[in-house]
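Visitor: This is the structure, below, for whatever I ask next.
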Amino acid sequence: MRLSRPMRINMLKKFAKFFSKNPSPAVASDPHIVPSGDHPISARHITSGAKKVVEQLVSDGYEAYLVGGCVRDLLLGMHPKDYDVATDATPEQVSKLFRRARIVGRRFQIVHVRMGPEIIEVTTFRAHHSAEHKGKDQSRRSSKGMLLRDNIFGSIAEDACRRDFTMNALYYHPQDNSVFDYANGLRDIQQRLIRVIGNAGERYREDPVRMLRAVRFAAKLGFRIEDGSAQPIHKMNQLLADIPPARLFDEILKLFMHGHALATFHLLREYGLFRLLFPATEEALAHDPGYYLEFLEQAMTNTDKRIRADKRVTPAFLLGALLWPAVQEMRKKFERDNSSPVYSLQQAAGEIIHRACQRVAIPRRFSMPMREIWELQLRLPRRAGTQAQRLLEHPRFRAGYDFLLLREDAGELEPGLGEWWTRFQDVDEHKRQEMIGSLDQPREPRSKRRRRPRRAAADKQEQHD
Ligand code: ATP
Ligand code: MG
């Protein structure tokens, strides 16, 4: 994901040279213009889609810049995840200009412009919300001060003040190759600091998701959250409870699927944010039998490794891991009430998903496979007869097996079963039969007559798999 080492060194040298010549101004609203050659970005680092969008807007007489994470990441010698464009054109004007453009969002309207395989996010410069906007549909706040509509448009200078962190308020003009720094973002990038623009408490109140973003960037970039921006999080973390669960679901994916899930997990807990996202898991961690934390750390480490190796990570697996300690705690409660293991797990799974969705809206397309991964944990030990072969063909087998390995690695289970399954997948049919034959498990239920109703139920269950 990174630029080559010589390119990065060259970039950082330029960056250091720029700082030695140009200390950043103290006044946030004054743009500091860093000319071409004095910063490490060059237009050839920008994707053609992003360049085309800016060029088209400019040729139609609008102002347009690259902004946010792409400028920040390029300054750091990293490949941007995506490109954002800021302009004075309204969403309607932008969408008329491009054939494949779509206005999205209500709270914060943006335009998605599709350019080949790329989607460029185009935002109109935002302005402050003043008394004259009160009651208008473009500007609405909740009784706690949270912005429910943030669609008041303004100038680039106003837009810079409305962005979350100083490092994200940098604008880059690909045509003259200069960087506009309105909020001392360059200084903070050099000092590896995450600093909220304006009063941190007020900015978190306006949009509590900014607290999650601070943590995400701290984990991703290895930056420190500056004290004035960090302290309010401890007091204000409960504001996250007011964020719509669907938005939190999107944020969860961004938090845990950018290759730094482990660091993110620790920071979220340190700032008291994790308990607001996954209250039942945090509660389970308080009764940790010794392996919950280990399990979650292993799951996060695994996720990071897979993402860095460009392997697929499914939200179902990730969320399944994040909720597993909670499921286990509840399952134990049902078992203490003498419920069967299968019933206990099913009840616990249903209850935990229901509770989790009140905070983080997990779509069914993820919660269903997540449940199957959990249920496989009870089925994977049962391998006699044709069961092992049938499990191997289960659409969720691979995820269930990986999950089992995690549980073993964390010390939740005695090692052995995972290795058995690893071997079973590797060997030929003949060896598989041998492995099943040497299992210390009955091939079939001993008394068919007594067990028949249960088998029927099990078969029915499998038809749903
Ligand atoms: P990345 O894309 O690498 O995750 P990013 O900084 O580009 O990081 P985006 O979510 O793509 O993050 O947002 C683009 C820009 O929009 C940000 O850099 C920031 O300037 C602004 N922004 C995004 N979310 C908020 C917010 N909640 N409050 C204020 N500004 C925001
Ligand atoms: Mg971005």
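The values are calculated or read from the model by the stated rules, or taken from the named source; none is laboratory data. The shown structure was predicted, so the numbers you read here are calculated from the model rather than taken from an experiment. Because the Cβ atoms are built from the backbone with ideal geometry, glycine has one as well, and the counts that use them run over all protein chains shown. All accessible areas refer to the heavy atoms of the entire protein, side chains included, with ligands and DNA or RNA removed. Shrake-Rupley method; radii C 1.70, N 1.55, O 1.52, S 1.80 Å.
Visitor: Pairs, please: C-beta under 7 Å, at least 6 apart or cross-chain, first residue free of Cβ contacts under 8 Å to residues at least 60 places away in the same chain and within 15 Å of Gly259 (Cα to Cα) and in the stretch 311-326, second open to solvent by 10 Å² or more (accessible area, probe 1.4 Å) and hydrophobic (A, V, I, L, M, F, W, C)?
Guide: Pairs found: Val313/Met257; Val313/Ile307.
Visitor: If we scan the stretch 95-113, do we find a residue that is open to solvent by 60 Å² or more (accessible area, probe 1.4 Å) and within 16 Å of ligand 2 (Cβ to nearest atom)?
Guide: Checked against the condition, which is being open to solvent by 60 Å² or more (accessible area, probe 1.4 Å) and within 16 Å of ligand 2 (Cβ to nearest atom), the stretch 95-113 yields at least one hit.
Visitor: Mind checking which residues of the stretch 354-375 are aliphatic (A, V, I, L, M) and buried (at least 20 other Cβ atoms within 10 Å of the Cβ)?
Guide: Scanning the stretch 354-375 gives Ala356, Val360, Ile362, Met370, Ile373.
Visitor: Tell me whether the stretch 107-118 contains one or more residues that are assigned to a loop (DSSP other than H, G, I, E, B), away from ligand 1 (no atom under 13 Å from the Cβ), hydrophobic (A, V, I, L, M, F, W, C) and in contact (Cβ under 8 Å) with a residue 24 or more places away in the chain.
Guide: no
Visitor: Follow-up. Being aliphatic (A, V, I, L, M) and open to solvent by less than 20 Å² (accessible area, probe 1.4 Å) is the filter; apply it to the stretch 157-174 and report the residue that is farthest from ligand 2 (Cβ to nearest atom).
Guide: So, considering only residues that are aliphatic (A, V, I, L, M) and open to solvent by less than 20 Å² (accessible area, probe 1.4 Å), the one farthest from ligand 2 (Cβ to nearest atom) is Ala160.
Visitor: Check the stretch 39-62 and report whether any residue there is at pLDDT 95 or above, touching a Ser or Thr at 6+ places or on another chain (Cβ under 6 Å) and more than 15 Å from ligand 1 (Cβ to nearest atom).
Guide: Among the residues of the stretch 39-62, at least one is at pLDDT 95 or above, touching a Ser or Thr at 6+ places or on another chain (Cβ under 6 Å) and more than 15 Å from ligand 1 (Cβ to nearest atom), which makes the answer yes.
Visitor: Filter the stretch 329-345 down to residues that are open to solvent by less than 60 Å² (accessible area, probe 1.4 Å) and touching a residue at least 24 places away in the same chain (Cβ under 8 Å), then give me how many there are.
Guide: 3
Visitor: Take the residues of the stretch 64-77 that are on the phi < 0 side of the Ramachandran plot and near ligand 1 (Cβ under 9 Å from one of its atoms): which is surrounded by the fewest Cβ atoms within 10 Å (Cβ to Cβ)?
Guide: Checked the stretch 64-77; the qualifying residue surrounded by the fewest Cβ atoms within 10 Å (Cβ to Cβ) is Gly69.
Visitor: Among (1) in contact (Cβ under 8 Å) with a residue 40 or more places away in the chain; (2) outside the structural domain of Pro369 (by TED's automatic domain parsing), which single condition is Asp288 missing?
Guide: (1)
Visitor: Looking at the stretch 221-275, which of its residues are in a loop (DSSP other than H, G, I, E, B) and either away from ligand 2 (no atom under 16 Å from the Cβ) or open to solvent by less than 20 Å² (accessible area, probe 1.4 Å) (or both)?
Guide: Residues satisfying the conditions are Gly222, Phe223, Glu226, Ile243, Pro244, Gly259, Tyr271, Gly272, Leu273.
Visitor: Residue by residue through the stretch 66-106, note down the ones that are without any contact (Cβ under 8 Å) to a residue 12 or more places away in the chain and in a loop (DSSP other than H, G, I, E, B).
Guide: Once the filter is applied, which keeps residues that are without any contact (Cβ under 8 Å) to a residue 12 or more places away in the chain and in a loop (DSSP other than H, G, I, E, B), the stretch 66-106 yields Pro80, Arg99, Gly105.
Visitor: Restricted to the stretch 280-308, and to residues that are closer than 15 Å to His258 by Cβ and of a type in the set (Ser, Thr, Tyr), which residue is least open to solvent (accessible area, probe 1.4 Å)?
Guide: Applying the filter and picking the extreme gives Thr303.
Visitor: Oh, and also: With the requirement that a residue be within 16 Å of ligand 2 (Cβ to nearest atom) and either small (Gly, Ala, Ser) or in contact with a strand residue (DSSP E or B) (Cβ under 7 Å, 6 or more places away or on another chain) (or both), what does the stretch 114-123 give you?
Guide: Ile119, Ile120, Glu121, Val122, Thr123
Visitor: Residue under question is Gly61, and the condition is that it be within 16 Å of ligand 2 (Cβ to nearest atom), surrounded by fewer than 20 Cβ atoms within 10 Å (Cβ to Cβ) and either farther than 21 Å from Leu170 by Cα or acidic (Asp, Glu) (or both); does it hold?
Guide: The answer is no for Gly61.
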